[in-house]
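The values are calculated or read from the model by the stated rules, or taken from the named source; none is laboratory data. The shown structure was predicted, so the numbers you read here are calculated from the model rather than taken from an experiment. Positions of Cβ are generated from backbone atoms using ideal geometry, with glycine treated the same way; all protein chains shown enter the neighbour counts.
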Amino acid sequence: MILSRREFPSEVEQIKKWREMLIATNDEHERRTLVEDTAGKILLACWREVESEVVRVLREVVDRYITDEVVEDDVHENEAKKEGEQMRRSRRLWEIGSVFSHAIDYIPSDNPNPLQRIIDDAMGGISKHQLLLSERAALASLSNEVGHALKGKRGTSVPAEPPTPVRVRH
């Protein structure tokens with residue numbers, strides 16, 4: 001997924017917002033989540049740009065390889081021979097692509113790379129900072145409910161089910 005010209009400024013604004021929040025906070029855990037979110041956005045933007053450039057160049061190379069008569073020294077005497085050469089070249093490219101596609105299956109994925117995880121979180125819209133804030137809010141709510149229950153223990157009952165805490169993905 002490549003960022004459009006309209007989306008890029010909003011991504012930059014989000015990064016600036018997180019930077020301001022980072023400067024303003026003294027909480028070390030909150031700082032780490034903001035740094036990870038910011039790094040994820042920056043890495044994702046870089047990855048998308050690199051990916052779009054690779055795709056652009058690859059398309060140009062493939063097009064030139066398939067249609068350029070200079071690639072091989074054969075001079076095409078008629079269109080049928082030229083189309084046959086283009087099909088042969090297309091098959092070669094497909095075979096090369098198939099080799100690369102199958103090579104991906106051999107990459108071990110037992111322990112994902114931390115940078116890959118950060119990029120995947122950014123791509124999925126997962127904000128560690130937002131998860132941290134949600135977890136803190138849930139814990140504060142639970143603490144308030146327990147406090148109210150203990151204060152009112154004399155005449156009121158404790159809720160049957162405590163609220164479910166939010167889990168932060170690590």
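Miscellaneous remarks
- Among the residues of the stretch 13-25, those identified as in a helix (DSSP H, G or I) and surrounded by 14 or more Cβ atoms within 10 Å (Cβ to Cβ) are 14, 15, 18, 21, 22.
- Taken over the stretch 26-76, the criterion of being at pLDDT below 90 and outside any helix (DSSP H, G or I) is satisfied by 68, 72, 73, 74, 75, 76.
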